[in-house]
1. Subtracting the Cα-Cα distance from 0.36 nm times the residue separation, let me have the gained length for E49 to S77 in nm, one decimal.
2. Using a simple spin-label model with points 7 Å from Cα along the Cα→Cβ vector, what separation in nm is obtained for N118 and D40?
3. In the structure displayed, which of K14/K58; K65/K115; K52/K115 lie more than 22 Å apart, Cα to Cα?
4. Enumerate the calculated ³J(HN,Hα) couplings along the range 108-120 in order (Karplus 6.51 cos²θ - 1.76 cosθ + 1.60, θ = phi - 60°), each rounded to whole Hz, writing x wherever the residue is Gly or Pro.
5. Put +1 on the Cβ of every Lys and Arg and -1 on every Asp and Glu Cβ in the chain; which of L106, L32, L80 then has its Cα farthest towards the positive end of the dipole?
6. Would you please give the residues with an amide H less than 5 Å from that of N119, counting only those at least 5 places away or on a separate chain, with H modeled from the backbone geometry?
7. Normalise the Debye intensity by I(0) for the chain, one equal point scatterer per Cα, no solvent, then take log10 at q = 0.13, 0.16, 0.19 Å⁻¹ and round to two decimals.
8. Taking the Cα centre of the chain as the origin, how large is its charge dipole in debye, to the nearest 20, when only Lys and Arg (+1) and Asp and Glu (-1) carry charge on their Cβ atoms?
Amino acid sequence: MEKFAERYPQFYEKIRDFPDFSLEPGLMDDELEAIEKRLDYKIGNDLKELFKIAATVKMNGLSIKARELGPIVMPSSEALVIGEFYLYHPGDRLLMLPDDPAVYYLEQRNGAITKLANNLPDFFNLTLPRFL
């Protein structure tokens, strides 16, 4: 929890007392490599750093789990679904693209994709605290 709090201090300050917030221990490099191989996808540095700290970040309305990463099911898309974020509707997704550190939001109902943050630290420290 300490490393997570150091990397994402603004987010952690807001949620540290939330009873439903939980983290699972981080992954080792070989575990991350196995996930990359399974997905045939190079995970970006920000996401790798998160998963080395915590394999799962979970609370009401937000879920990011390394072992549940998967490709988005859209023709000709290389987006990776990194988790769920219920900004507008349950089931909406968080996405990242290869060689792009930005975090995107996919509304399942209409397929709209919106950029939420320039990178994962900004997503946790600047974007998420506005919604809490």
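The numbers here are math on the coordinates, done by the rules we state, and not lab data. Owing to the predicted nature of the structure, the values given are computational and were not obtained by experimental measurement. Don't worry about glycine lacking a Cβ; one is built from the backbone with ideal geometry, like all the others, and counts go over all protein chains shown.
1. On the way: separation 28, 0.36 × 28 = 10.08 nm, distance 2.42 nm.
Using 0.36 nm per residue and subtracting the Cα-Cα distance, I get 7.7 nm.
2. 3.4
3. K52/K115
4. 3J(HN,Hα) across the range 108-120, in whole Hz: 4, 5, 10, x, 5, 10, 10, 6, 9, 7, 6, 7, 5.
5. Ranked along the dipole, the leading option is L106.
6. It is V103, by chain and number.
7. Log-scaled intensity ratios, in q order: -0.50, -0.78, -1.13.
8. Working: 16 positive and 22 negative charges, 64 e Å.
Charge dipole of the chain: 300 debye, to the nearest 20.
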